[in-house]
Amino acid sequence: MNLRIPGPTPLPPQVREALQGQMINHRGREFGQMVRAIAEQLKHFFQTENDLVILTGSGTGAMEAAIVNTCSSGEKVLAVSIGNFGDRFATIARAFGLDVTKLDFPGGHAAEPQAVADALDRNPDITTVLITHNETSTGVTNPLADLARVVKERNKLLVVDGISSVASIDLKTDEWGCDVVLSGSQKGWMVPPGLAFASISPFAWERHAAARLPRVYWDFAEHKKYLDRGETPWTPAVSIFYALRVALDMMEQEGREEIFARHERVAQRCRDRAVAAGMSLFADQRYASNTVTAFYTPEGIDSRSIATELEDEFDTVVALGQAQWTNTSLRIGHLGWVNESDIDRTMDALEKVLSRTQA
Ligand SMILES: *Cc1c(COP(=O)(O)O)cnc(C)c1O
């Protein structure tokens, strides 16, 4: 099957093989060596010297973890949203009783640093900014370096949802001053869903010490304490660790910058072929994502029927558009284990389906 959704992604054969490993004692020596080595390798791809914890849960769990570890009830936060996942962060923050100021940008657009600066200057009591790096629902990558500068100039805590970007798109955690950065195993990491990662800056630890929201399962301090002795506080998704160990070795062999370059090439190929097939791209092209491409399907053709034909006849699975664009757009995931020929296969199939529908 040609699985072209923005996570879960296909698994390389070596990773699938690793998943079959027998269970081990998660409080034993082998797991200890594995979890410590993996945490160090992850830091390389997070481009950070900060602490990094490995959580068993999905990306959304890590988003909730970021909130409960850094905030208190009634705390004023700015949620910058350019789509569904930005909205989700705001929803989680509200659910925990935070005082959320939301800054929304229209679908397909990136967040504007000046607008973020203005929002922070209008609301000086805001302590924390939640930002999505790569908005998977619209295929837009925010100009995070510029956004981070605005946030850090004002000494706010910067929490970044990098779930669909870390390890695929350049995200300089330390250089840009990102305090908490999140990712999830089923996105750029070539492994199944089940693990989530969070890097934690010294400033974030200060906030952790003062934060008063209830936290047990996600408590970063517990995760750090256990990681230091080669464990996790709760039973981890052991099999995903096996897979990740293999995937990270593959990634190191390819090289971080080479991986970014491959994602850039593959994304460009996807955009070029979508345009050549007569589709119009959803994202402001200055900020087009290198991990997911969204485009409108031709007028009058329901995107659902295209997706169904792709799956039934070409064994190719793409994602529908999100929110109000479900019936008028499609999204193609190109992150993790992907190269140009995967995109060509996908777009060849799409062209065949379209030519039939339009005939
Ligand atoms: C996938 C994704 C999430 C949610 O992660 P889950 O693992 O589905 O909980 C959040 N944010 C972004 C940007 C994502 O791409």
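The values are calculated or read from the model by the stated rules, or taken from the named source; none is laboratory data. If you're wondering where the values come from, they're calculated on a predicted model, not measured in any experiment. Please note: Cβ atoms are built from the backbone with ideal geometry, for glycine as well, and neighbour counts cover all protein chains shown. Note: areas computed on protein heavy atoms with side chains; ligands, DNA, RNA excluded. Shrake-Rupley method; radii C 1.70, N 1.55, O 1.52, S 1.80 Å.
Specify the residue that is farthest from the ligand (Cβ to nearest atom); the eligible residues are those in the stretch 125-141 that are open to solvent by 10 Å² or more (accessible area, probe 1.4 Å) and over 21 Å from A323 (Cα atoms).
D125
Do we have S73 as polar (S, T, N, Q) and in contact with a helix residue (DSSP H, G or I) (Cβ under 6 Å, 6 or more places away or on another chain) here?
no
Among the candidates D219, D228, single out the residue that is under 26 Å from G97 (Cβ atoms) and of a type in the set (D, E). Step through it out loud before you land on a result.
Numbers: D228 fails: under 26 Å from G97 (Cβ atoms).
Only one candidate qualifies: D219.
In the set A198, A167, which member is at positive phi, buried (at least 19 other Cβ atoms within 10 Å of the Cβ) and more than 10 Å from the ligand (Cβ to nearest atom)?
Working: A198 fails: at positive phi.
The unique qualifying residue is A167.
Which is assigned by TED's automatic domain parsing to the domain that holds A79, open to solvent by 50 Å² or more (accessible area, probe 1.4 Å), within 16 Å of the ligand (Cβ to nearest atom) and charged (D, E, K, R), of E64, E30, E49, E40?
So the residue among E64, E30, E49, E40 that is assigned by TED's automatic domain parsing to the domain that holds A79, open to solvent by 50 Å² or more (accessible area, probe 1.4 Å), within 16 Å of the ligand (Cβ to nearest atom) and charged (D, E, K, R) is E64.
Which one of the conditions (1) under 21 Å from V15 (Cα atoms); (2) in contact (Cβ under 8 Å) with a residue 40 or more places away in the chain; (3) loosely packed, with under 13 Cβ neighbours inside 10 Å does S341 fail to meet, given that it meets all the rest?
(2)
Yes or no: D146 outside any loop (DSSP other than H, G, I, E, B), open to solvent by 10 Å² or more (accessible area, probe 1.4 Å) and either in the same structural domain as N339 (by TED's automatic domain parsing) or under 17 Å from A288 (Cβ atoms) (or both)?
yes
Look at N290 and say whether it is surrounded by 13 or more Cβ atoms within 10 Å (Cβ to Cβ), touching a residue at least 60 places away in the same chain (Cβ under 8 Å) and touching a helix residue (DSSP H, G or I) at 6+ places or on another chain (Cβ under 8 Å).
Judged against the criteria, N290 is a match.
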